[in-house]
Amino acid sequence: MQGPAESSVERTLGHLRTIDTPARPSEPTAPLNLEDLYRTHRMRLVRLAILLVDEPATAEDVVQEAFTGLHRNWGRLRDAAAAVGYLRTAVVNGSRSVLRRRKTARDYVPPHTANARSAESLAMLSTEHQSVVNALAKLPPRQREVLVLRYYGGLSESEISEAAGISKGTVKSTASRALEALQKAMHEGHK
């Protein structure tokens, strides 16, 4: 049974996933190449990174670095289908690196509180969705990663485990703790 926080997170991030998911194009006749991957997956990866790092310019840099890394390793890729998983993992790891550097820089500076969402995306969100996204931004990075990958990314526990580099048990416990923290943050936000 889902708790209220999990239900709200699932609705909000599911709504964003629906907005971000393009209509399915017909099956490509040519083999998938880096340009096709960039055109098809770049914006969704940028939005994933924005949800993780809260800053559009930084998110774009993280995604660009992921594509650069994929280009460098293209010849060593098992198959083109593995490229999307590689990119997603690279974006999660790149976001972690950004957050680590940001934490180090914040040791003597107040935390960054800029709202990274665009006016268009904010306008499309209901009040409930806005409160979920705001509460999500207050979670620790790993908890936010797990919830974003689960509800926005639509990934299974196994896929989250692979993308985040943690065990499936850690995914489950982190998701549970994250939902409890989110529920508390949302409740405190309504006081």
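Scanning segment 179-188 for residues that are of a type outside the set (S, T, N, Q) and either open to solvent by 60 Å² or more (accessible area, probe 1.4 Å) or under 15 Å from GLU10 (Cβ atoms) (or both) turns up LEU179, GLU180, LEU182, LYS184, MET186, HIS187, GLU188. Please indicate, with yes or no, whether at least one residue in segment 162-171 is modelled with pLDDT of 90 or more, in a loop (DSSP other than H, G, I, E, B) and of a type outside the set (Gly, Ala, Ser). Within segment 162-171, one or more residues are modelled with pLDDT of 90 or more, in a loop (DSSP other than H, G, I, E, B) and of a type outside the set (Gly, Ala, Ser). With respect to the conditions (1) hydrophobic (A, V, I, L, M, F, W, C); (2) touching a Gly at 6+ places or on another chain (Cβ under 8 Å); (3) closer than 21 Å to GLY3 by Cα; (4) modelled with pLDDT of 90 or more, ALA135 lacks only one, and its number is (4). Scan segment 101-117 and give yes if some residue there is surrounded by 15 or more Cβ atoms within 10 Å (Cβ to Cβ) and either at pLDDT below 80 or acidic (Asp, Glu) (or both), otherwise no. For segment 101-117, residues surrounded by 15 or more Cβ atoms within 10 Å (Cβ to Cβ) and either at pLDDT below 80 or acidic (Asp, Glu) (or both): present. Annotation: of all residues in segment 147-178 being of a type in the set (A, V, I, L, M, F, W, C), farther than 19 Å from HIS41 by Cα and in contact with a helix residue (DSSP H, G or I) (Cβ under 6 Å, 6 or more places away or on another chain), the one that is surrounded by the fewest Cβ atoms within 10 Å (Cβ to Cβ) is ALA175.
The values are calculated or read from the model by the stated rules, or taken from the named source; none is laboratory data. Quick caveat, the model's predicted, so the values are computed rather than measured. With ideal geometry, Cβ positions are generated from the backbone for all residues, glycine too; neighbour counts draw on all protein chains shown. For accessibility, only protein heavy atoms count, side chains too; no ligands or nucleic acids. Shrake-Rupley method; radii C 1.70, N 1.55, O 1.52, S 1.80 Å.
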